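Notes follow the structure.
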Amino acid sequence: MEIKHRKFPRALSFFSKLGLRVWRLFSSLQLAVILVLALSAFGLASILVIQAPSGIAAGSREYALWIENVARMRFGDLTGFMAFLRLFDVTHSPLFIFTGILLAVNIIICSVNRWKARMGALSGGQVRRPFKFYQAGIYFIHLSIIILIAGFLAGNYFGFRNPSFIVSEGMTREVGYGTNLSLRLESFEDEYWADGTPRDYRSRVVIYEGGSEVKRGLIRVNEPLACRDVRFYQSSFGPAASIEVRGDGSRQLYSGSVALPMQMKDGPSPYPMGIINIPDAGLIIYVVGSELDNPGRGNSRIDLGISRDNAGSIKWISLGRGEYRDFEGLKLGFTGTGQYSGFQVSRDPGINLIWTGSCLFLLGLGMAFFFRDRRLSAVLRREGDGRYTILIKPAASKDPGADSELQEITGALHRQQEDS
Amino acid sequence: MTGFVTMSFLLAIIFLGLSVLLSACYFIINARHAGKGSPGTSGAQKPVLYLLLIAAIAGWAFITEVILARIIVTGHGPFSSMYEFSIAFSWGIVAAGLLLWWRYRILALGAFGFVLALALLLFAGTMPSQPSSLAPALQQSFLLSAHVTAAVIAYAAFAAGFGSAVFYLIRIHRTAGWLPEPDRLDKISYQAVVVGFFFITLVIVLGAFWADIAWGTYWSWDPKETASLVTWLIYAGYLHARLMRGWRGTKTAILIIVGFLAVLLTYFGNYFFGGLHSY
């Protein structure tokens, strides 16, 4: 509802006038339209322009690498300008968030104005109107939008989401993000349809908090596991290789299953690849599954690329399943194959606001549009010749559906008059 | 069963095509006789009218057969591929067209729906019809069926609104005996959008709920999600303009047409933009 422009009383201070101007600005339906159009434009931009993968925060090293290696390949010299406008991460850009906040403020102020106008209309001794679905529905709709925006912002700023939490069979990994939780993948199973596409994949896991087991369960697509306020979703899976690395005096530097979630292109087909990072020994070992078959079969082969102390050069050796080899003071072994399970781990403090807002919105829509009340004003006027004229019109000047009801009422009145 | 489904599919196309042809005949006869009666009820065209309605109902019945047979074969609602969804969408549009005829006795709106539905069936016919294996994310029968059913109703309602808006723009520029008064078309388009808006909101909410269960996030700015949100925003803008500003007529008709273009972008967008819905 808009407040018509009025001149300011001279007694108002500068700040009062400023406040009134701001209030009038945010009372504007045109502003709401502009903000909605702006949000739509942001949305379209996020579809038409390639977006950075979720989980990569703008300003991070991974984001810069993605810009250089992916975005620049497509947009060339325009990349810098587009990155400045945050076109590659539209939905996390400050401008997008700010536009959403402005819209929420706009809705709140319009709702307050509408409420004040209705309360004002009830003054002067009028009969208090009973509860009307339509009016309550309108408030529910707008309140729900504010709740949804709050839920979205709360989730974005106070929660976290890790879309690639990868754990190999038999391994334990800390969740991080201050949760004090870690997850151990006890086993992973996958099933396939006759055409080779995945039918089901599920992970048996144990959740630890501070080292103590707190939950044990099965995670599969459509069946996440919740622990405290953190949720674990089955996201992906792939091959893993069991590697053993020993240093001087057979000191064990690493022993366990390495997930191979990345891909290395060398030839017609990419190879699955993973990385072992042993900072204490200054070692980075790239594990490439050059010939990986189903787990348990004997003819698997991997290539290990060893890099020491960020030397820049990588030296490669090849190992068959069950094979050990000495290499420059290290003893490297490929003991077997397995699988890894990829999870999405998230905490979203705004999720309950999202569902509350969604249900309230649907309820409000139903109330506003399918239980619409309609007010008519009638005036009885005595004419000079002693006859009476009844004038009937919709109370709301912009009531698109009142015509048929007016015709019904006037028709009924005419029939009554004829009968009498 | 495959032969039965194929036969039913072909019969659906034939009968819908027949209803479209008969509709064209009806309007040609109407135009030659200067359409003196109220639209769609002229006595001279009654046999043609009854035949085309019977053909449309038969076409709709055969589409229903295809859908039911598909459910029996696959064990889930026919919503897991563009082939299945196109058939479901055409079912909804024919139903909307018949409903509009029954409610308003305006044949033009019904015929418009039959043309759209036929186009969708022909589009479905170009796609692989073999039932595909259901990916793990789609193995949530209730949400899959509820989410896509709501989409069918929403898109059908928006198609009805689109048809009314287009006919409104025709009607205000020329006298056409086969169309009602512009105000009536304007009102029908509004009512159709109200129904469509409720159901597209339900689509988005159910989709978000399902995405949260399956993928761990209720909103991932997937192209289809974003396009549906843009569609929702356009229709929300239309409702605000109509209810708050009293917009009627040409301005609202254009908004409805723009909204339906957004619906088409949402429907076909996964072919161009990929994303989580690209299966």
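At a glance:
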item	result
Failed item in (1) part of a strand (DSSP E or B); (2) modelled with pLDDT under 85, with residue A:275 passing the rest	(2)
Whichever residue in the stretch A:93-108 is assigned to a helix (DSSP H, G or I) and touching a Lys or Arg at 6+ places or on another chain (Cβ under 9 Å) and, among such residues, is surrounded by the most Cβ atoms within 10 Å (Cβ to Cβ)	A:96
Residue count, the stretch B:205-235 (criterion: within 30 Å of residue B:183 (Cα to Cα), buried (at least 18 other Cβ atoms within 10 Å of the Cβ) and within 7 Å of chain A (Cβ to nearest Cβ))	2
Failed item, numbered, when residue B:194 is tested on (1) modelled with pLDDT of 90 or more; (2) within 9 Å of chain A (Cβ to nearest Cβ); (3) closer than 30 Å to residue A:224 by Cβ	(3)
Residue selected from the stretch A:282-294 under the condition part of a loop (DSSP other than H, G, I, E, B) and surrounded by fewer than 16 Cβ atoms within 10 Å (Cβ to Cβ), by the criterion modelled with the highest pLDDT	A:282
Those residues of the stretch A:325-339 which are out of contact with any Asp or Glu (no Cβ under 7 Å at 6 or more places or on another chain) and in contact (Cβ under 8 Å) with a residue 40 or more places away in the chain, in sequence order	A:330, A:331, A:332, A:336, A:337
Hits in the stretch B:169-182 (condition: in contact (Cβ under 8 Å) with a residue 12 or more places away in the chain and in a helix (DSSP H, G or I))	B:169, B:171, B:172, B:182
Scope the stretch A:223-272; condition without any contact (Cβ under 8 Å) to a residue 12 or more places away in the chain, in a strand (DSSP E or B) and within 21 Å of residue A:290 (Cβ to Cβ); matching residues	A:263, A:265, A:270
Test for residue A:169: is it acidic (Asp, Glu), within 17 Å of residue B:136 (Cβ to Cβ) and surrounded by 14 or more Cβ atoms within 10 Å (Cβ to Cβ)	no
Top-ranked residue in the stretch B:178-191 [being surrounded by fewer than 21 Cβ atoms within 10 Å (Cβ to Cβ) and within 11 Å of chain A (Cβ to nearest Cβ); ranked as nearest to the chain's Cα centre (by Cα)]	B:191
Per-region count, the stretch A:316-374, residues of a type in the set (D, E, K, R), surrounded by fewer than 22 Cβ atoms within 10 Å (Cβ to Cβ) and within 14 Å of chain B (Cβ to nearest Cβ)	4
Candidate set: the stretch B:111-127, residues that are free of Cβ contacts under 8 Å to residues at least 60 places away in the same chain and more than 17 Å from residue B:268 (Cβ to Cβ); chosen: the one farthest from the chain's Cα centre (by Cα)	B:112
Filtered residues of the stretch A:230-256 (kept if away from every other protein chain (no Cβ under 14 Å) and either more than 17 Å from residue A:323 (Cα to Cα) or within 20 Å of the chain's Cα centre (by Cα) (or both))	A:238, A:239, A:248, A:249, A:251, A:253
Those residues of the stretch B:240-269 which are of a type in the set (A, V, I, L, M, F, W, C) and either touching a strand residue (DSSP E or B) at 6+ places or on another chain (Cβ under 6 Å) or modelled with pLDDT of 90 or more (or both), in sequence order	B:253, B:254, B:255, B:256, B:257, B:258, B:260, B:261, B:262, B:263, B:264
Pick from the stretch A:195-229, criterion of a type in the set (Asp, Glu) and in contact with a strand residue (DSSP E or B) (Cβ under 7 Å, 6 or more places away or on another chain), ranking: farthest from the other protein chains (Cβ to nearest Cβ)	A:213
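The values are calculated or read from the model by the stated rules, or taken from the named source; none is laboratory data. Bear in mind that the values here come from a model prediction, so they are computed numbers and not experimental data. Heads up, the Cβs are rebuilt from the backbone with ideal geometry, glycines too, and the neighbour counts pull from every protein chain shown.
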